[in-house]
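The values are calculated or read from the model by the stated rules, or taken from the named source; none is laboratory data. Values in this document were obtained by computation on a predicted structure and should not be read as measured data. When we count neighbours, we look across all protein chains shown, and the Cβ atoms used for this are built from the backbone with ideal geometry, even at glycine. To get the accessible areas, we keep the full protein, side chains included, count just its heavy atoms, and leave off ligands, DNA and RNA. Shrake-Rupley method; radii C 1.70, N 1.55, O 1.52, S 1.80 Å.
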Amino acid sequence: MAEPRNTKISERKRPKQARSSELVSAILQAATQVLELEGAARFTTARVAERAGVSIGSLYQYFPNKAAILFRLQSEEWQRTGNLLGAILRNTANTPRQRLHDLTLAFLHSECEEAAMRTALNDAAPLYRDAPEVQEARAAGENVIGDFLCEVLPQSEESERARAADLLNSTLGNVGKHFSESPRTPAQIQSYAQEMAEMFCAWIREKGANLQ
């Protein structure tokens, strides 16, 4: 992990043709495999290019360094998680309480299913975590919970909801990481998620929400 922090992580260019898109997809798929098999410490552009079956020059057309590849993988993981949480929290056919339970269960399942990949990405985070692009990439998932709190806590100050959203996001992320470090059965995930969701519900009720 010799590259300095704050190194450039923006991609050199976005693919515009089908062939270019296929090349980038192959690079990202190979990067995922290298990261899962080798871990962040042994992740290099040379290993990714070799596994993808492309030249290192072709890889550098799109990614200036390994930090850019890792950040792209992390961004896509954040996007998938944000889409998952958003679909649950915006489903007003369910009560807010049910949505919190569904959210917590889905998140813990996702953490446990992708534990190896997420651990490796977390290990690689020092390469890009201070870059300005990171805040923008993470915003989608955080906004989803913020919108939900606007719904259930309409009388609260915006600053209070923002603080609550930050606490919910941080708790989900940190607890999910810790919980997924050991193998878990579906029953264990279900039980833990239920207790965690009830904790969230009790805390939000304390702030004045009417959760059915």
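I need the calculated FRET efficiency for the pair Asn94 and Ala41, taking r as the beta carbon distance and R₀ as 35 Å, to the nearest 0.05. Working shown, then result.
On the way: r = 43 Å, r/R0 = 1.22.
E between Asn94 and Ala41, to the nearest 0.05, is 0.25.
Evaluate E = 1/(1 + (r/R0)^6) for Glu76 and Asp166, where r is the Cβ-Cβ distance and R0 equals 35 Å; express this FRET efficiency to the nearest 0.05.
0.95
Based on the mean of other beta carbon atoms within 10 Å per residue, what is the order of 119-125, 63-69, most packed first? Don't skip to the answer; put the middle values down first.
On the way: 119-125: 17.9, 63-69: 23.1.
The most tightly packed comes first, giving 63-69, 119-125.
Taking N as the number of residues in the chain, what is its alpha-carbon radius of gyration divided by 2.2 N^0.38 Å? Working shown, then result.
Values: Rg = 19.3 Å, N = 212, 2.2 N^0.38 = 16.8 Å.
In units of the globular-protein estimate, the chain measures up at 1.14.
Once phi is turned into ³J(HN,Hα) by the Karplus curve 6.51 cos²θ - 1.76 cosθ + 1.60 with θ = phi - 60°, what whole-Hz value does each residue of segment 197-203 show in order, with x for glycine and proline?
Ordered by residue, 3J(HN,Hα) equals 5, 5, 5, 4, 4, 4, 5 Hz.
Using only DSSP helix segments of four residues or longer, with each worth -39500 (n - 2.57), what per-residue ellipticity at 222 nm results for the chain after dividing by its residue count and rounding to 500? Write down the numbers at each step before the final one.
Working: 9 runs with 152 residues, N = 212.
The helix-only estimate for the chain comes to -24000 deg cm²/dmol at 222 nm.
Taking Cα atoms, how many degrees apart are the long axis of helix 115-124 and the longest axis of the chain, rounded to 10 and kept between 0 and 90?
Approximately 70 degrees, to the nearest 10.
Pull out the extension gain between Ala125 and Ala106, defined as 0.36 nm times the separation in residues minus the alpha carbon to alpha carbon distance; nm, one decimal.
Working: separation 19, 0.36 × 19 = 6.84 nm, distance 2.37 nm.
Answer, rounded to one decimal: 4.5 nm.
How far is helix 18-38 tilted, in degrees, relative to the longest principal axis of the Cα atoms in the chain, given as a value from 0 to 90 rounded to the nearest 10?
With both axes taken from Cα atoms, the answer is about 80 degrees.
Scan the chain and report its longest stretch carrying no GluC sites (Glu not before Pro) that are both in a DSSP loop and have at most 13 other Cβ atoms within 10 Å.
Numbers: sites that count: Glu157, Glu181.
Answer - 1-156.
Measure off, as a whole percent, the carbon and sulfur share of the 1.4 Å-probe accessible area of the chain, all protein chains present.
Details: 5420 of 11610 Å².
The C+S portion of the solvent-accessible surface of the chain is 47 percent.
How tilted is helix 158-179 with respect to the longest principal axis of the chain? Cα atoms for both, answer in degrees (0 to 90, nearest 10).
The angle comes out near 60 degrees.
Could you tell me what % of all Cα pairs in segment 31-156 have separations over 26 Å? Don't skip to the answer; put the middle values down first.
Details: 2692 of 7875 pairs.
Distances greater than 26 Å cover 34 percent of the Cα pairs.
What whole-number value in Å² describes the accessible area per residue of segment 40-190 for a 1.4 Å probe?
Values: 7550 Å² over 151 residues.
Dividing the accessible area of segment 40-190 by its residue count gives 50 Å².
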